[in-house]
1. Please give, to one decimal in nm, the separation of the simple spin-label points placed at THR101 and ARG323, each 7 Å out from Cα toward the Cβ.
2. Probe radius 1.4 Å, ligands and nucleic acids left out: which of LEU267, LEU344 has the largest accessible area, and how do the rest follow?
3. Given +1 on the Cβ of Lys and Arg, -1 on the Cβ of Asp and Glu, and no further charges, what dipole in debye does the chain carry about its Cα centre, rounded to the nearest 20?
4. Could you work out the helix-only [θ] at 222 nm for the chain, with each DSSP H run of four or more residues adding -39,500 (n - 2.57) and the total divided by the number of residues, to the nearest 500 deg cm²/dmol?
5. Suppose R0 equals 25 Å. What FRET efficiency, 1/(1 + (r/R0)^6) with r the Cβ-Cβ distance, do TYR131 and ASP177 give to the nearest 0.05?
6. Can you find, among VAL178, GLY130, MET338, the residue farthest towards the positive end of the dipole of the chain? Put +1 on the C-beta of Lys and Arg, -1 on that of Asp and Glu.
7. So what is the accessible area of the chain per residue, in Å², with the probe set to 1.4 Å?
8. Given labels modelled 7 Å from the Cα in the Cβ direction, how far is it in nm from LYS90 to LYS43?
Amino acid sequence: MKKHNFYAGPSILPEITLEKTAEAIHDFAGTGISLMSISHRSKEFVAVMDEAQQLFKDLLNIPEGYSVLFLGGGASTQFAMIPYNLLSTKAAYLNTGAWSTKAIKEAKLFGKVDVVASSEDKNFSYIPKGYSIPEDADYFHITTNNTIYGSEIKYDMDSPVPLIADMSSDILSRPVDVSKYALIYGGAQKNLAPAGVAFVIIRDDILGKVDRAIPTMLNYQTHISKGSMFNTPPVFAVFALLQTLRWLKDLGGVDAMHRINEKKAALLYDEIERNSFFKGTVNAEDRSIMNVCFVMKSGMEAKEKAFLDFATEKGMVGIKGHRSVGGFRASLYNALPMESVEALVACMRQFESANK
Ligand SMILES: *Cc1c(COP(=O)(O)O)cnc(C)c1O
């Protein structure tokens with residue numbers, strides 16, 4: 001039976017990414033050697049790194065003055081690297097979920113943290129609005145897409161201080177005005193690649209302003225000056241990431257991708273609203289187009305397991321909600337085809353008529 005992969009991360013990747021990567025495991029770029037066994041300094045791999053950085057810049061229209069890095073350690077290492085490199089006295093953070101909370105915890109190790117607003121009072125079911133960003137902060141940090149709670153900041157905001165965004169789970173799902181950000185980062189395992197690589201888009205001129213000594217590997221300058229090849233980069237994950245970027249370019253880039261993503265999300269949210277068994281968990285205007293969270297309507301909670309079993313039987317994989325929200329979560333990342341959303345919607349309808 002066909003499986004429909006709604007996992008939140010690691011998650012679905014384009015078929016072509018899997019095919020090309022599988023091929024390269026046996027014979028990388030016609031070298032007769034495995035991608036896993038070739039020097040990262042070989043001209044074949046250097047070409048992969050160069051093309052991946054260039055395509056990332058092209059797809060997101062990244063202006064001059066920014067570097068693109070591919071680093072190990074996941075998005076979670078960035079939670080510490082950001083304040084290590086950029087926090088002198090005070091940083092401002094917006095708390096919109098579990099990942100923001102973790103980023104805040106790390107920043108507090110390096111200086112004062114001003115949490116300008118938080119949606120924790122309503123279990124992170126909305127994006128705070130109407131707060132002001134302190135002008136004396138070294139930077140302002142946001143999480144654009146809250147993978148666990150299913151809310152998303154879908155616009156590029158103005159900030160009086162350097163704006164930093166964790167885009168782990170919505171990178172390349174929509175066009176972004178990179179010039180509004182000083183730094184954008186994320187783990188690649190949600191929308192781009194297998195686990196093992198984090199991407200960092202950084203405006204070079206924000207560095208060099210803190211007094212503390214920074215360990216070599218945790219210093220952005222190290223990686224910028226060596227083109228992300230200071231030490232052995234995550235070769236395998238970067239190769240797979242390049243295949244996904246090529247796929248995205250062939251498909252028409254982020255504008256085309258965004259239109260498809262909006263259609264997929266609308267199809268599922270419409271069904272959640274129509275169906276007499278389910279309800280969404282996030283404010284309509286703040287709903288994520290990547291991670292769709294929903295629960296049983298009140299009074300129907302006892303049917304939760306029945307729906308999960310029913311959906312599993314029909315080939316739906318990974319739709320169990322995170323324990324902090326409960327219910328269900330369907331992740332509709334770039335590589336998830338419309339057909340899978342249609343299958344889930346059909347499943348919800350069948351469940352409704354079977355249980356009337
Ligand atoms: C998954 C995720 C992370 C953590 O990424 P790791 O690469 O596992 O460290 C951080 N932020 C967001 C928004 C995420 O979705």
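The values are calculated or read from the model by the stated rules, or taken from the named source; none is laboratory data. A quick note: this is a predicted structure, and the numbers were derived from the prediction, not measured. Backbone-built Cβ (ideal geometry, glycine too); neighbour counts: all protein chains shown. To get the accessible areas, we keep the full protein, side chains included, count just its heavy atoms, and leave off ligands, DNA and RNA. Shrake-Rupley method; radii C 1.70, N 1.55, O 1.52, S 1.80 Å.
1. Simple spin-label model gives 1.3 nm for this pair.
2. On the way: LEU267 60, LEU344 0 Å².
The most accessible residue leads, giving LEU267, LEU344.
3. Values: 38 positive and 40 negative charges, 168 e Å.
It works out to roughly 800 debye.
4. Values: 9 runs with 123 residues, N = 356.
Rounded to the nearest 500, it is -11000 deg cm²/dmol.
5. Numbers: r = 21 Å, r/R0 = 0.83.
Calculated value: 0.75.
6. Among VAL178, GLY130, MET338, the one farthest towards the positive end of the dipole of the chain is MET338.
7. Values: 14940 Å² over 356 residues.
Here the residues of the chain average 42 Å² of exposed surface.
8. 5.5 nm
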